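Undergrad: My structure is below; once you've seen it, I'll send some questions.
No lab work stands behind these numbers, since they all come straight from the coordinates. Only a predicted model underlies this, so the values are computations on that prediction, with no experimental measurement involved. Counting neighbours? That spans all protein chains shown, and the Cβs are built from the backbone with ideal geometry, glycine included.
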Amino acid sequence: MANFMLLVANTLLIPFFVRIIEIRQKHLKPIVCSTVMIGIFGITYGTTSMFYCIIFGILGYVFKKLKYPPGPFLLSLVLFEKLEVNCRQALTISGGDFSIFIRGPLSITFIVLSILAFGYPVVKDKIASKRNALANTMGRRFSRKDS
């Protein structure tokens, strides 16, 4: 019955959805942001969650500019709760000693791989920009000798 109701409602709302698609992004972004803020405040009745939303929005903008894919970042947000529980359990077992996270060769390997994976896009872009600058410089040199 619910699927039938959704079918009827969505069929009737198709003209409205088409009009939403026609709205320019410069008008749609403030509407979405204000709706999100109102929703967050309506659920939590506090401003802390709103500040988290703003911080994550800025972080998402920076990641987009640095060309990081959003999938792994969203996956990490989903898995963070399990990470917190397991970290707390490991610290309880070790008596509060943080060196438990870097003692074994497997943990060091994962830490190094994480750092490499996180830094790879930045290093790749810098190398590409240096290659482009070098190619432009070499192209100018060759064109000056030929003329």
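Undergrad: Counting only helical runs of four or more DSSP H residues, what would the 222 nm mean residue ellipticity of the chain come to if each run contributes -39,500 (n - 2.57) and the total is spread over all its residues?
TA: That calculation yields -30500 deg cm²/dmol at 222 nm.
Undergrad: Based on the mean of other Cβ atoms within 10 Å per residue, sort peptides 57-70, 5-18 so the most packed one is first.
TA: Top of the packing list down: 57-70, 5-18.
Undergrad: Let me ask another. Taking a quarter of the surface of the Cα convex hull of the chain, what do you get in nm²?
TA: Reported value for the Cα convex hull: 19.1 nm².
Undergrad: Points 7 angstrom from Cα along the Cβ direction at residue 117 and residue 38: gap in nanometres?
TA: Distance between label points: 3.9 nm.
Undergrad: Using a Förster distance of 35 angstrom, determine the FRET efficiency expected from the C-beta separation of residue 23 and residue 124, and round it to 0.05.
TA: My answer for the efficiency is 0.45.
Undergrad: I'd like the trypsin sites (Lys or Arg not before Pro) in segment 1-43 restricted to DSSP loop residues with at most 10 other Cβ atoms within 10 Å, sorted by number.
TA: 24
Undergrad: I want to check the label-to-label distance for residue 91 and residue 67. Put each point 7 Å from Cα in the C-beta direction and report it in nm to one decimal.
TA: 3.8
Undergrad: Taking the alpha-carbon distance from residue 124 and a cut-off under 22 Å, which lysines remain once sequence neighbours fewer than 8 residues away in the same chain are dropped?
TA: Within reach: 64, 65, 67.
Undergrad: If a helix is a whole DSSP H run, which ones in the chain reach 27 Å or further along their own axis (Cα) and hold a mean Kyte-Doolittle hydropathy of at least -1.0?
TA: 2-22, 25-44, 70-94, 105-146
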